[in-house]
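Let me begin by presenting the structure, written as structure tokens, before commenting on it.
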Amino acid sequence: MTFIAIAFGALIGLWLARHLPKTHLSSESRTAVSVSMAVVGTLAALVMSLLISSASSSFNAKTDALHRLAVDIIRLDRALRQYGPEAGDVRDLLRSYAETKAEELSDESNASSLDPRSLMKFEALTSRVLDLQPGDNHQRQAQAQALKVLDSIADARWLLIEKANTSLPTSFVILLIFWLALLFGSFGLFAPGNATVIIVLLLCALAISGGVFMVLELETATRGLIRVSTDPIVNAIREMTLAQ
């Protein structure tokens, strides 16, 4: 849609150049339009750079949350191992939860909501850890560590869910596209209407629309083409399986 809007703006400019009176395309008019569009172009460039920086930071935050979740799963498994054989069934439930969570993150339809399966398993996991009856100081310390890690896992889960959807207002993106279409319209207004100019304008429109697309993809890191990798969760599952 961004490409169509920008390309349409450029083509409208080329069309107007052929139908406007010559007095409207004088050097004075060219100077006035160029100076005005320079302000719009600078504003659009600044906004695009800020959007890309913000989207990149958001994507990195989601990636860090996923890595933190994977590390906490391994930490919880180790704490349960230190507890002893009595926590063997709890470790099995933890591995089942990790597998469900990996499937949830891989499924685009559930990436922005709480999967009832993973939620139920996490609540059951918390209850099982609370129900453990430590017999000595070593087991009490392992249980306390497990409960602390469970709180950290809960924080990481909510962070991934809250960050799943784009935080960019639709009206803001539409306004940016309007600026870009207006800018390319000014380019076409004073450009010769030959095939080379048209192809270059279309390629530039494609490049800029690709930047807008990248911003939106980075904002929705659990859906779309550019997604947070679930490899950390898969590696955590493999680690737990090998530790059995």
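Accessible surface of the chain, 1.4 Å probe: 64 percent of it comes from carbon and sulfur atoms.
Quick one: compute a quarter of the convex hull surface over the Cα atoms of the chain and quote it in nm².
Projected area, direction-averaged: 16.2 nm².
Taking the inverse of the mean 1/r over every pair of distinct Cα atoms in region 1-92 gives a Kirkwood hydrodynamic radius of 19.1 Å. Take 58-67, 127-136 and order them by the average number of nearby Cβ atoms within 10 Å per residue, most first; the result is 58-67, 127-136. For the chain, the tally of Lys pairs with Cα-Cα distances below 23 Å comes to 9, considering only residues 8 or more apart or on different chains.
Rounded to the nearest 20, the size of the Cβ-charge dipole of region 63-105 about its Cα centre is 220 debye, with Lys and Arg at +1 and Asp and Glu at -1. The simple spin-label model puts a point 7 Å past each Cα toward its Cβ; for MET120 and LEU16 those points are separated by 6.0 nm.
If you place +1 on the Cβ of every Lys and Arg and -1 on the Cβ of every Asp and Glu, how big does the dipole about the Cα centre of the chain come out, in debye to the nearest 20?
700
Kirkwood radius and radius of gyration were both taken over the C-alpha atoms of region 49-104, and their ratio Rg/Rh is 1.23. Taken about its Cα centre, region 1-131 carries a charge dipole of about 700 debye when Lys and Arg each add +1 at the Cβ and Asp and Glu each add -1 at the Cβ.
Pairs of Cα atoms in region 125-244 fall into 10 Å distance bins, from 0 up to the last occupied one, in shares of 10, 22, 21, 15, 12, 9, 6, 3, 1 percent. Projecting the Cα atoms of ILE153, SER56, HIS138 onto the charge dipole of the chain, computed from C-beta unit charges around the Cα centre, puts SER56 farthest toward the positive end. Descending by average beta-carbon neighbour count within 10 Å, the peptides 30-42, 205-217 line up as 205-217, 30-42, the highest first. Comparing PHE184, PRO116, PHE3 along the charge dipole axis of the chain, the residue lying farthest to the positive side is PHE184, per the Cβ-charge model. Its alpha carbons give region 1-54 an Rg and a Dmax of 14.4, 44 Å. Ligands, DNA and RNA are left out, and with a 1.4 angstrom probe the accessible area of the chain is 54 Å² per residue. 3J(HN,Hα) along region 132-147, derived from phi through the Karplus expression 6.51 cos²θ - 1.76 cosθ + 1.60 where θ = phi - 60°, amounts to 4, 10, x, x, 8, 5, 4, 6, 5, 5, 5, 5, 4, 5, 5, 5 Hz, with x in place of Gly and Pro. Between the helical axis of 195-219 and the dominant principal axis of the chain, each derived from Cα atoms, what acute angle in degrees is found, rounded to the nearest 10? The helix 195-219 is inclined about 30 degrees to the chain.
The values are calculated or read from the model by the stated rules, or taken from the named source; none is laboratory data. Note that the structure is a prediction, hence the values are computed from the model and not measured. No Cβ is skipped: glycine too gets one built from the backbone with ideal geometry, and neighbour counts run over all protein chains shown. Just so you know, the surface numbers come from the protein's heavy atoms only, side chains and all, with ligands and any DNA or RNA stripped out. Shrake-Rupley method; radii C 1.70, N 1.55, O 1.52, S 1.80 Å.
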